[in-house]
Each structure stands twice: as structure tokens, then as C-alpha cells.
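Asker: Quick one: this structure, given as C-alpha cells, is what I'll be asking you about.
The values are calculated or read from the model by the stated rules, or taken from the named source; none is laboratory data. Here the structure is a predicted model, which means the values were calculated and not measured. Just the protein is used for accessible areas: all its heavy atoms, side chains included, with ligands, DNA and RNA removed. Shrake-Rupley method; radii C 1.70, N 1.55, O 1.52, S 1.80 Å.
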Amino acid sequence: MSVTQQYLLDTYRAQRLGEAPPPPPGTHDWQTARELRGYRQFRAVVAERPARGRLRRALGRWLHPRARSAC
């Protein structure tokens with residue numbers, strides 16, 4: 001069942017029961033993404049890791065590897 005079909009079924013069921021209809025799919029996507037980012041930053045601080053810039057630093061190491069010495 002697709003998201004749209006489930007939404008229509010839930011809307012129909014809410015209407016039959018006299019309840020408020022559910023929010024349309026995608027309504028709270030940005031809020032969820034912000035909360036997830038905040039949660040990941042919180043977990044980083046609790047684990048004593050840098051909370052910001054970790055992805056950029058990791059991509060920088062991957063894209064611009066430094067030459068290692070041959071000692």
C-alpha cells in the first residue's frame with residue numbers, strides 16, 4: 001500500500017469515526033529532519049566528540065588524502 005492510499009484510508013476512517021483527519025504526508029518532514037540533527041549533535045556532545053563539522057571534516061579527509069611519510 002502506498003503512502004497516498006494509507007492517507008486516504010486513514011482520512012476515510014477518521015471521517016467515519018468523527019475524528020480529526022491526519023496530517024497529509026510530508027507535512028512534518030523538515031521538523032523531523034531538524035530534530036534528528038539536534039539529536040545527533042546531542043549524542044556527539046554526550047560521547048565527547050565534536051558536535052559540528054564532522055561530515056565536512058570526514059569528506060575533506062576522503063577527498064584530499066595527505067601523502068604519508070615512508071619512514
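Asker: Please list Glu19, Glu48 from largest to smallest accessible area, probe radius 1.4 Å, with all protein chains kept in place.
Answerer: So, going from the largest accessible area down, we get Glu48, Glu19.
Asker: How much length is gained on full extension from Arg43 to Val3, taking 0.36 nm per residue of separation minus their Cα-Cα distance? Before the final figure, lay out each step's value.
Answerer: Working: separation 40, 0.36 × 40 = 14.40 nm, distance 3.10 nm.
So the chain would gain 11.3 nm between Arg43 and Val3.
Asker: Then there's this: Bin by bin, in steps of 5 Å, what percent of the Cα pairs in the chain do you find, going until the bin that has the longest distance?
Answerer: All Cα pairs, binned at 5 Å, distribute as 3, 12, 11, 11, 11, 10, 9, 9, 8, 6, 3, 2, 2, 1, 1, 0 percent.
Asker: On average, how much accessible surface per residue is there in the chain, in Å², for a 1.4 Å probe, leaving out ligands, DNA and RNA? List each step's numbers first, then the result.
Answerer: Working: 7080 Å² over 71 residues.
On a per-residue basis, the chain sits at 100 Å².
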